[in-house]
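The values are calculated or read from the model by the stated rules, or taken from the named source; none is laboratory data. Everything numeric in this text was worked out from a predicted model, so none of it was measured. Backbone-built Cβ (ideal geometry, glycine too); neighbour counts: all protein chains shown.
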Amino acid sequence: MEGKKYLKFSGIILVIFGIAQLLLACFAFAGGGIAALGVNAGGDSSLVVAGTTAVLGGAILVVTAAFNLIFGIMAVKNCDNAGKAKALRVMGVVLLVLAVASLIIYISGGLAVVVGCLVDLMISIIYFWGAQKNVQSL
């Protein structure tokens, strides 16, 4: 399988990103929950809005982390399995669509956010390229 190295590399990166995103989501839930409850302690409503936004961001981060973990584990586990080549290519397309969508959504978020989205896009391209190479070698 010609795309084995690409899939293994991108899969490992996705697993690392997924674990990091789960940890960040825990911090978002904890900090957002404390801030959202701050209104009971005499805080103003902007603190509640910021806390609620952090909790919602944490929920989105959990979904993203789940995709990264599942797709990354599948890539590492099945990078040399010819029977899973087409499924991995579909997962690569899903990753590409999500990466492009997040880049479009967050383009106005500043340089740090755009750089993160571009890294996601590059990993998605490597994932898809490896899966495509495996499909072509069938």
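In segment 70-80 there is at least one residue matching the filter, namely being more than 23 Å from Leu22 (Cα to Cα) and surrounded by fewer than 20 Cβ atoms within 10 Å (Cβ to Cβ).
Scanning segment 54-86 for residues that are assigned to a helix (DSSP H, G or I), under 17 Å from Leu14 (Cα atoms) and of a type outside the set (Lys, Arg) yields a count of 18. Where residues in segment 33-56 are surrounded by 15 or more Cβ atoms within 10 Å (Cβ to Cβ) and not aliphatic (A, V, I, L, M), which of them is modelled with the lowest pLDDT? Looking at the filtered set, the residue picked out is Gly43. Among the residues of segment 1-17, those that are under 15 Å from Leu121 (Cα atoms), buried (at least 19 other Cβ atoms within 10 Å of the Cβ) and of a type outside the set (A, V, I, L, M) comprise Tyr6, Ser10, Gly11, Phe17. For segment 106-127, a residue qualifies if it is surrounded by 13 or more Cβ atoms within 10 Å (Cβ to Cβ) and either under 11 Å from the mean Cα position of the chain (by Cα) or at positive phi (or both), and the qualifying residues are Gly116, Cys117, Val119, Asp120, Leu121, Ile123, Ser124. Output the number of residues of segment 90-105 satisfying the condition of being surrounded by fewer than 20 Cβ atoms within 10 Å (Cβ to Cβ) and either modelled with pLDDT of 90 or more or outside any helix (DSSP H, G or I) (or both). Number satisfying all stated conditions: 5. Restricting the first member to segment 66-84 and to residues that are without any contact (Cβ under 8 Å) to a residue 24 or more places away in the chain, and the second to residues that are surrounded by fewer than 16 Cβ atoms within 10 Å (Cβ to Cβ), no beta-carbon pair is closer than 6 Å while six or more apart or on different chains.
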